[in-house]
Each structure stands twice: as C-alpha cells, then as structure tokens.
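Q: Handing you this structure, nothing more for now.
What follows is calculated from the coordinates using simple rules that are stated; it is not laboratory data. Please read all numbers here as calculations on a predicted model, not as lab measurements. Every residue, glycine among them, receives a Cβ derived from its backbone with ideal geometry; neighbour counts consider all protein chains shown.
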Amino acid sequence: MRTQRSLLNRYPALATTMIALLLGAAVPDGLAESEVGVPDRPVRLILPYPPGGSTDAVARHIAQQLSTDWKQPVIVDNRPGASGMIGTEVAVHAPSDGYTALFAITQNIQNPLLYPKASYDFGRDFVPVARILTVASGLAVSADLPVSSLKQLVELIRSQPGQHSYGSTGIGSTAHIYGALFDKTAVLDAVHSPYRGAGPMLADLLGRRITFTVMDVGSLMPHVKAGKLRILAVTGTRRLAALDSVPTFAEAGMKGFEALAWMGIALPASTPEAMRKTWGAALEKYLNSGDFASTLASIGLTPSYLGPQEFAAQIVQDTAVWRTIITTANVRAE
C-alpha cells in the first residue's frame, strides 16, 4: 500500500489516469458513451410498419438527419405485423441503452384498447421523447367516382346496398377506426377490407375495387396531386393549408372526427436519462427547423413538436379520446 501511494505521489499524471479509469469502470454500459452527448455506434429506429407511406418517409427523413448530426448510422428497422404490435414488442425487449428507439404512432396507444391481451402497455414500457407531428386523416375516393362531397358519397352507397366497401391499412389501424366510425355515423353498412399496409390498399382504391378509405393525408397526397384521388373531408378542427378547399368532417355535418393522429419517438422506459437527453436535444433542434417544416408541408403533414413532458400528457389525454371513439365505432380487433 505504501508503495502504491508513493508512486501516485511521485507521478501525478499516473494518479489522474488511474482515477479516470476507475470512474469509467463504475459507469454502467451505455451511459458512459452518452455523457459526450453523441452516440458512438450505430443506432436503430424501429418502425413497426412496412416500407412505403408517409410514416416510413418521415422516419427515414429523420434518421438521415440524425445520422448526419451524430456521424453514426441511424438505421430504420421495419418490423411490420399484428397491427404494429410485433415491432413494438421488439422495441420493448431491446437493450435499454439508448441505441434503440421506437418510431411511435397513435396506433401504439390504440392497440391496448383494441387488444385486451396485448403484451405491452405504452405508458408503462416506454418513455416519450418527442412528438414529431400531427396527422390529419382524409376520406378519399377515386377521382373517377361520380361524387364530390360526403353527402353525395353517402347517397351513392345507400342507393347501392351491399356493393361498397372501405379499405384500411389493417385491423385496428386508425384507418379502420375512422372508416368504421364514418360507416356507422352515416348508416352505410359498407364492408371493411383490411390490407397489409398502405400500398396494396391504395392500389385497390385507385382501381375502384374498394369505394373509400379514411387514412393519413400524407399517404394520399401524391395521388391527389396526380389527379387520381379526391379527398372529400379531413379530420381535425381546422382545414389543412395544403387542402384549403376541403372541409373538415364537422363542416360537412359529421361530428366525432376531431382527433388527430400523431407520430413521435419513444425509448424503452429504463433508458438512462443521459441518452434520453441526447435524443431529446437532437430532435428538438431539427423538428423545430424550417427545413423540416418545408419537408412536411410538401406531403400534406403538419409539424407539431412537443417535448417529453408535454408529449406524455398528450398520450394520457389521447388514450381517453380514442377509447371513446373506438367504443362509438364499435370496432373489435379480436
């Protein structure tokens, strides 16, 4: 012991190095790297949905920006299936070191309301980092369908009982919930046709193999701009800047369609605080930038950043709202 003290007293630099090594060894795995504020190895962003559509586009856009900022690959890992529950469960069981995040959407809080046996609880298993944007849904029909308003669509479907259906991106999706709510509110008795993702569903909508859908505007906009789809109404309490001639459902005479969907980033609940801050700081900077707003506007989406605490409060509020909507629409997923 005397020999060790003598060496440390005679060589201060050696003492400093040894103390630093001891302190570093005492820091749990995943936390030491995060103290510098930038990840030092590849990061995975789990997206519980297939490639294609606005959700995938936004996730990849953000991943690219984070890769540039952090100088590390941020990989979008598409894990579709079971209405988003497969990918969400992958994120739940991922290491809580801050190197795996979940690209979350409203369906993450809807699923436990629809599937009582769901193996995750979003509020318990994840910590919200940032709400990225809000998403209005639009009721869309083929541009070839001879209707230009909700009233005309309702009249057409009622005049041809048993001949019409509405598409969704899967059982229990927001498109399913809002489609069912419209069907019940308008007393249409249309058939629900669930698909595995936006791509095949939109293909059938364009080909008039289904009559309508109520899905996120971002996925509809390319086809609207091409003159192949027509949006008759949008959810929310105000019109969209990119579709200022399209009324809200309330303006068209239907209440109950005010809730907007959202996209956000969440981390496993036990992620170290330092890595939560690393994600939070990077997202806050970019999501409030003019470049991000311009990118979203081009696909009909609205930037709507919320920080961790505000996003957590929004999730609690929205859980109650969607419980009411699901009950009213009488949607059953099991």
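Q: Estimate the FRET efficiency between GLN309 and LYS255 by the formula 1/(1 + (r/R0)^6), using the beta-carbon distance for r and 41 Å for R0, to the nearest 0.05.
A: FRET efficiency, GLN309 to LYS255: 0.85.
Q: Please compute one quarter of the surface area of the Cα convex hull for segment 222-268 and express it in square nanometres.
A: Here the figure is 4.9 nm², rounded to one decimal.
Q: If we count every other residue with Cβ under 14 angstrom of ILE109's Cβ, Lys/Arg +1 and Asp/Glu -1, where does the sum land?
A: Around ILE109, the charge tally is 0.
Q: Summing -39500 (n - 2.57) over the DSSP H runs of n ≥ 4 in the chain and dividing by its residue number, what mean residue ellipticity at 222 nm do you reach, to the nearest 500 deg cm²/dmol?
A: Here the helix-only value at 222 nm equals -13500 deg cm²/dmol.
Q: Next question, about the same structure. Taking amide hydrogens as modeled 1.01 Å from N in the peptide plane, which residues meet the under 5 Å criterion relative to VAL129, leaving out close sequence neighbours?
A: ILE265, ALA266, LEU267
Q: Subtract the Cα-Cα distance of LYS151 and ARG208 from 0.36 nm times their separation in residues, and report this length gain in nm to one decimal.
A: 18.6 nm
Q: When a footprinting reagent is the concern and you count Cβ atoms within 10 Å, what order do SER294, SER165 take, fewest first?
A: SER294, SER165
Q: Can you list the aspartates and glutamates whose alpha carbon sits under 17 Å from that of LYS228, skipping same-chain ones fewer than 8 residues off?
A: Leaving aside aspartates and glutamates fewer than 8 places away in the same chain, those within reach of LYS228 are ASP144, ASP204, ASP216.
Q: Sequence neighbours fewer than 8 away in the same chain don't count; with that in mind, list the lysines whose C-alpha is under 29 Å from LYS277.
A: LYS71, LYS285
Q: How large are Rg and Dmax for segment 76-142 when calculated on the C-alpha trace, in angstrom?
A: Computed over the Cα atoms of segment 76-142, radius of gyration and Dmax are 13.4, 46 Å.
Q: Over the chain, calculate the relative contact order: mean separation of alpha carbon pairs under 8 Å at least 6 apart, over the residue count, as a percent.
A: It comes to 24 percent, rounded to a whole number.
Q: Report, for the chain, the % of DSSP beta bridges that are antiparallel, rounded to 5.
A: 60
Q: If you bin the C-alpha pair distances of segment 137-243 every 10 Å from 0, what whole percents do you get?
A: Spelled out per bin, shortest first, that is 16, 54, 29, 1.
Q: What per residue convex hull volume, in Å³, do the alpha-carbon atoms of the chain yield?
A: Hull volume normalised by residue count: 135 Å³.
Q: Now for a separate question. Residues with amide H under 5 Å of ILE210's amide H, sequence separation 5 or more or different chain, H placed in the peptide plane at 1.01 Å from N; which?
A: Residues meeting the criterion, in which the H sits 1.01 Å from N, are LEU205.
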